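The values are calculated or read from the model by the stated rules, or taken from the named source; none is laboratory data. These figures come from a predicted structure and were not determined experimentally. With ideal geometry, Cβ positions are generated from the backbone for all residues, glycine too; neighbour counts draw on all protein chains shown.
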Amino acid sequence: MKKSYLWRKMTSGLMAAAVTVTAMPGLGLTMVQAEEKKTLKVAMECSYAPYNWTQPDDSNGAVPINDSNEYAYGYDVMMAKKLADSMGAELEIQKIEWDGLAPAVVSGKIDAAIAGMSITSERKQSVDFTKPYYYANVVALVRKDTPQAKATSVEELRGATATSQLNTIWYDQIDQVPEVNKLPAIDNVPGMIVALTSGKCNLIVTDIPTAKAAAFANPELTVLQFPEDKGFKTSKEDVEIGIAIKKGNKELKDAMDAVLGKMTPADFDKMMDEAIQKQPLAK
């Protein structure tokens, strides 16, 4: 039986070191069967490029999605593989909708949610977070053929019809646009992009990786990055992206922080750019 990282530590140091030794006469060999490898159970939407997405094969190093014939890849999977390797653990990816991620962590169904999740005070009431594994500034995503594409500030987006993803800080940022027509939030990123490309709205507020990935896959879209004094006003917690783990799981938090603490924002950006280039193009 594979052991989840939630299984915590071995019950004793002796068990951690235990091996089964079996003589194999005739071969002159001794087979040493070590403790079975632990499994790091990680969940994500698998539909939130470039952080994570679903694909039909294991190209580029994609990982099988548990109880599925599909595979997951993207920035979150790249990071999850790096973390699992550092712990000597096997990686299991579970596909869970956005609203179910934090509850899955709390219940112990998974060890961690690596899903482009902002480290907010509200979320920290129910889960613990690692150090940031990405810093994501908030930007505007628009169609090139609309007046909004000429905007040079949030102020100049005045009167736009806007939306964003449900239960994200991006949706709250829409209120900074003067006289905005704020539509109901959308469950997932693909639906959000469809709303923009179909003309249901003319503005999406999101983070820069999501916007860049959408523009890469949809040439009719463009990303608006405003100067700091003319852009969306954000706090530190708005842009820090972390890994959600069960409260009190210090062992797992320390193991992950040891890896993340050695990485720089430039390292994160390099990985993200790679993910954007590898994402499946929209059809």
Could you pull out the residue among T168, T152 that is β-branched (V, I, T) and surrounded by fewer than 21 Cβ atoms within 10 Å (Cβ to Cβ)? T152
Can you name every residue in the range 49-59 that is within 23 Å of K270 (Cβ to Cβ) and either out of contact with any Asp or Glu (no Cβ under 8 Å at 6 or more places or on another chain) or surrounded by fewer than 24 Cβ atoms within 10 Å (Cβ to Cβ) (or both)? A49, P50, W53, Q55, D58, S59
What residue, among those in the range 167-190 that are within 17 Å of the chain's Cα centre (by Cα) and of a type outside the set (D, E, K, R), is farthest from G116 (Cα to Cα)? P190
Go over the candidates S126, S164, S121, S153 one by one and state the one that is of a type in the set (S, T, N, Q) and over 25 Å from the mean Cα position of the chain (by Cα). S153
Pairs returned, first residue in the range 242-258 that is over 19 Å from D76 (Cα atoms), second residue that is of a type outside the set (V, I, T), beta-carbon separation under 7 angstrom, 6 or more apart or interchain, are K247/D128; N249/D128; E251/R8; E251/K9
Single condition A214 does not satisfy, out of (1) at pLDDT 95 or above; (2) farther than 30 Å from S86 by Cα: (1)
Where residues in the range 191-237 are more than 22 Å from M117 (Cα to Cα) and among the β-branched types (V, I, T), which of them is surrounded by the fewest Cβ atoms within 10 Å (Cβ to Cβ)? T197
How many residues, within the range 105-122, are at pLDDT 95 or above and surrounded by fewer than 21 Cβ atoms within 10 Å (Cβ to Cβ)? 4
Residue count, the range 258-283 (criterion: part of a helix (DSSP H, G or I), surrounded by fewer than 16 Cβ atoms within 10 Å (Cβ to Cβ) and touching a Lys or Arg at 6+ places or on another chain (Cβ under 9 Å)): 1
If only one of D128, D99 is in contact with a strand residue (DSSP E or B) (Cβ under 6 Å, 6 or more places away or on another chain) and surrounded by fewer than 22 Cβ atoms within 10 Å (Cβ to Cβ), which one is it? D128
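Quick grid of which residues meet (1) assigned by TED's automatic domain parsing to the domain that holds A49; (2) assigned to a loop (DSSP other than H, G, I, E, B); (3) among the small types (G, A, S):
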{"position": "A149", "(1), (2), (3)": "no, no, yes"}
{"position": "I174", "(1), (2), (3)": "no, no, no"}
{"position": "P178", "(1), (2), (3)": "no, yes, no"}
{"position": "L196", "(1), (2), (3)": "no, no, no"}
{"position": "K200", "(1), (2), (3)": "no, yes, no"}
{"position": "A211", "(1), (2), (3)": "no, no, yes"}
{"position": "A215", "(1), (2), (3)": "no, no, yes"}
{"position": "T222", "(1), (2), (3)": "no, no, no"}
Being within 21 Å of Y51 (Cβ to Cβ) and not in a strand (DSSP E or B): is that true of A244 here? no
Failed condition for L166, given (1) modelled with pLDDT of 95 or more; (2) out of contact with any Ser or Thr (no Cβ under 9 Å at 6 or more places or on another chain), with all others met? (1)
Which of the numbered conditions does A214 fail, given that it passes all the others? Conditions: (1) without any contact (Cβ under 8 Å) to a residue 12 or more places away in the chain; (2) under 21 Å from P147 (Cα atoms). (1)
Select, from A80, A43, the only residue that is part of a helix (DSSP H, G or I), assigned by TED's automatic domain parsing to the domain that holds G248, buried (at least 19 other Cβ atoms within 10 Å of the Cβ) and within 15 Å of the chain's Cα centre (by Cα). A80
